[in-house]
1. Under 21 Å from Cys131 (Cβ atoms), under 15 Å from the mean Cα position of the chain (by Cα) and in the same structural domain as Leu146 (by TED's automatic domain parsing) - does that describe any residue in segment 25-33?
2. Scan the helices (runs of 4 or more DSSP H) fully inside segment 121-193 and keep the ones with 3 or more residues being under 30 Å from Ser98 (Cβ atoms) and not charged (D, E, K, R).
3. Could you grab the pairs with beta carbons closer than 9 Å, sequence gap of 6+ or different chains, first residue in segment 34-55 and free of Cβ contacts under 8 Å to residues at least 12 places away in the same chain and not assigned by TED's automatic domain parsing to the domain that holds Leu146, second one surrounded by 14 or more Cβ atoms within 10 Å (Cβ to Cβ) and part of a helix (DSSP H, G or I)?
4. Please determine, by comparing only the residues of segment 204-235 that are in contact with an Asp or Glu (Cβ under 9 Å, 6 or more places away or on another chain), surrounded by fewer than 16 Cβ atoms within 10 Å (Cβ to Cβ) and assigned to a strand (DSSP E or B), which one is modelled with the lowest pLDDT.
5. Looking at Leu135, Leu189, Leu169, can you tell me which residue is surrounded by 16 or more Cβ atoms within 10 Å (Cβ to Cβ) and in contact (Cβ under 8 Å) with a residue 24 or more places away in the chain?
6. Would you call Ser240 among the small types (Gly, Ala, Ser), over 25 Å from Thr16 (Cα atoms) and surrounded by 14 or more Cβ atoms within 10 Å (Cβ to Cβ)?
Amino acid sequence: MTEILYEFPLNEKIRTYLRIEHLLNRLDHQCGHNEQWAILDFFSALFAILDIIERGDLKSDLLKDLEKHEKQLVAWAQHPSVNNDALQQLLSSVVEMSSRLMSSNKLGQSLRDDKFLSSIKQRFSIPGGSCCFDLPHMHQWLNQSLDTVQQNQQAWLNELDILQTVIELDLRMVREKANFTSCQAEAGLYQDTVENVELLRIKLPTDSPYYPTVSGHKNRFAIRFMQNDRQQNKSACQHSLKFTLATC
């Protein structure tokens, strides 16, 4: 049976990481497509990442997380039943990423300094601002050879390589903290008390008419299952419902 995976962050840091991961996946998917609409979506995702990076000290948060993961892995190495080869490989990756991130410039700075990108970024915040009369020089670029367009896109993506690698590693460490277990929501509601949880991962069958909504923080959360009725209005599930949950 196929399932839908829902992920809900319980702090602002993980919320930011998940948004960046989502946007990076959009970039990867759209890179190399020759349709102009795909390339315009590529720019939208790229500029959204730059806006997120500007809002806080993302680099500092990532370095702190990598340091925490390194200490955790060193502690796990003392456990007699641990797969030492796999652990040492992961530990080496964490140490390497910490070194690369520490020695890198401010995240996204080269993209902010790119004259072509900076000349079109502001227009993308305007509804319909990417029309040819708004950005004629971008539309001239859009009609260059596919090789030229793809080379430029790949060069911009390469500037985010360290960010993508560290985000993937950090979220992998978070997601692997917990396994999925079967749970039951009574009258469509499930609540629990936990300790320092950052991420909830919820699975439901694809044919289920319900979807989860979450409220809470690192030590307590509540999951309310909802559905869209025929008029597309939200309504709460009123009966018992089984699902699987990982508290990471």
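The values are calculated or read from the model by the stated rules, or taken from the named source; none is laboratory data. Fair warning: this is a prediction, and the values are worked out from it, not measured in the lab. Note that each Cβ is placed from the backbone with ideal geometry, even for glycine, and that neighbours are counted across all protein chains shown.
1. no
2. Details: elements: 136-142, 146-158, 161-175.
Of the helices (runs of 4 or more DSSP H) lying wholly inside segment 121-193, those with at least 3 residues that are under 30 Å from Ser98 (Cβ atoms) and not charged (D, E, K, R) span 146-158, 161-175.
3. From segment 34-55, no pairs qualify.
4. Ser235
5. Numbers: Leu135 fails: in contact (Cβ under 8 Å) with a residue 24 or more places away in the chain; Leu189 fails: surrounded by 16 or more Cβ atoms within 10 Å (Cβ to Cβ).
Of Leu135, Leu189, Leu169, the one residue that is surrounded by 16 or more Cβ atoms within 10 Å (Cβ to Cβ) and in contact (Cβ under 8 Å) with a residue 24 or more places away in the chain is Leu169.
6. Details: among the small types (Gly, Ala, Ser): yes; over 25 Å from Thr16 (Cα atoms): yes; surrounded by 14 or more Cβ atoms within 10 Å (Cβ to Cβ): no.
No; evaluated as a whole, the condition is false for this residue.
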